[in-house]
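The values are calculated or read from the model by the stated rules, or taken from the named source; none is laboratory data. The structure presented is a predicted model; accordingly, all values stated were derived computationally and were not measured. All Cβ positions, glycine included, derive from the backbone under ideal geometry; neighbour counts span all protein chains shown.
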Amino acid sequence: MRAHLPAAALLVLLAGCAGTPSTDGPIDGATADVAVGEELYQANCAQCHGADLRGTDQGPPHLDAVYLPNHHADISFLFAVRNGVQPHHWSFGPMPPIDGVSDDDVTDIVAYVRAQQQAAGLLD
């Protein structure tokens, strides 16, 4: 059983670095609310990723090409919240799982992040 743990960890890592753009919209077809996503982002993500999504000394910026849908599909945000993330693009420590943030919350957060990426000229 333990032999499968490295393979499972690799699968989560690869899912977080998917090279295929996310084309099916919000996670699991849920309806996203950008305004709610902003509130949730500020409450759960901003401490490390910055209130302006430009990162802090504790976490990387979401306004970066690494976090665009062609590299980190929407579902990778859900995996990060559920499972945490080991560092693989940045020299920050690992991100722990985030308790109390539902799948629907992540859908709203991703909608907010994508809206900010678009406003910053990173998305078409």
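Among all residues of the range 74-97, there is at least one that is within 10 Å of the chain's Cα centre (by Cα) and among the polar types (S, T, N, Q). In the range 42-53, which residues are hydrophobic (A, V, I, L, M, F, W, C), assigned to a loop (DSSP other than H, G, I, E, B) and without any contact (Cβ under 8 Å) to a residue 40 or more places away in the chain? Selection gives ALA51 alone.
Taking the criterion of being assigned to a helix (DSSP H, G or I) and either at pLDDT below 95 or not aliphatic (A, V, I, L, M) (or both), the residues of the range 76-96 that qualify are SER76, PHE77, PHE79, ARG82, ASN83.
Count of the range 54-75 residues, restricted to those that are crowded, with 20+ Cβ neighbours inside 10 Å, out of contact with any Ser or Thr (no Cβ under 8 Å at 6 or more places or on another chain) and part of a loop (DSSP other than H, G, I, E, B), is 4. If the condition is being assigned to a loop (DSSP other than H, G, I, E, B) and either at pLDDT 95 or above or under 11 Å from the mean Cα position of the chain (by Cα) (or both), then the range 111-124 contributes ALA120, GLY121, LEU122.
Within the range 97-110, the only residue that satisfies the criterion of being under 21 Å from ASP64 (Cβ atoms) and in a loop (DSSP other than H, G, I, E, B) is ILE98.
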